[in-house]
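The values are calculated or read from the model by the stated rules, or taken from the named source; none is laboratory data. None of the values given here were measured: they were computed from a predicted structure. All Cβ positions, even for glycine, are placed from backbone atoms using ideal geometry, and neighbour counts span all protein chains on display.
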């Protein structure tokens with residue numbers, strides 16, 4: 001099995017678990033691997049976008065900034081949506097705090113760096 005296939009499979013299992021987690025209570029620590037896996041998954045998508053671009057080889061620093069920025073944009077959008085859903089009483093409050101949001105964004109950033117190291121760094 002290729003590394004991309006294995007990582008993608010793990011991420012899909014975690015995404016399904018996260019969706020189910022909205023419907024049932026879950027321990028607070030379980031949010032950490034979900035956000036790291038999400039960061040890795042979105043970094044994989046960024047690698048795909050960079051690879052599909054019809055440009056010459058980009059500098060390594062550009063790929064890093066693009067990947068991290070893209071993942072952080074998705075993570076920030078997710079946190080905004082989560083805030084609106086909790087604030088709108090669509091989902092029950094799960095202890096939504098600024099500390100939780102900052103921790104989630106940090107974990108997204110860690111995932112983007114891991115994904116960059118695995119998939120984006122050596123793009124040709």
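Only one of (1) modelled with pLDDT of 80 or more; (2) surrounded by 11 or more Cβ atoms within 10 Å (Cβ to Cβ); (3) under 15 Å from the mean Cα position of the chain (by Cα) is not met by residue 77, so which one is it?
Of everything listed in (1) modelled with pLDDT of 80 or more; (2) surrounded by 11 or more Cβ atoms within 10 Å (Cβ to Cβ); (3) under 15 Å from the mean Cα position of the chain (by Cα), residue 77 misses just condition (2).
On the given criteria, is residue 103 in a helix (DSSP H, G or I), in contact with a helix residue (DSSP H, G or I) (Cβ under 8 Å, 6 or more places away or on another chain) and either modelled with pLDDT under 85 or surrounded by fewer than 18 Cβ atoms within 10 Å (Cβ to Cβ) (or both)?
So residue 103 passes the test.
Can you give me the number of residues within the stretch 51-65 that are in contact (Cβ under 8 Å) with a residue 24 or more places away in the chain, surrounded by fewer than 19 Cβ atoms within 10 Å (Cβ to Cβ) and in a helix (DSSP H, G or I)?
3
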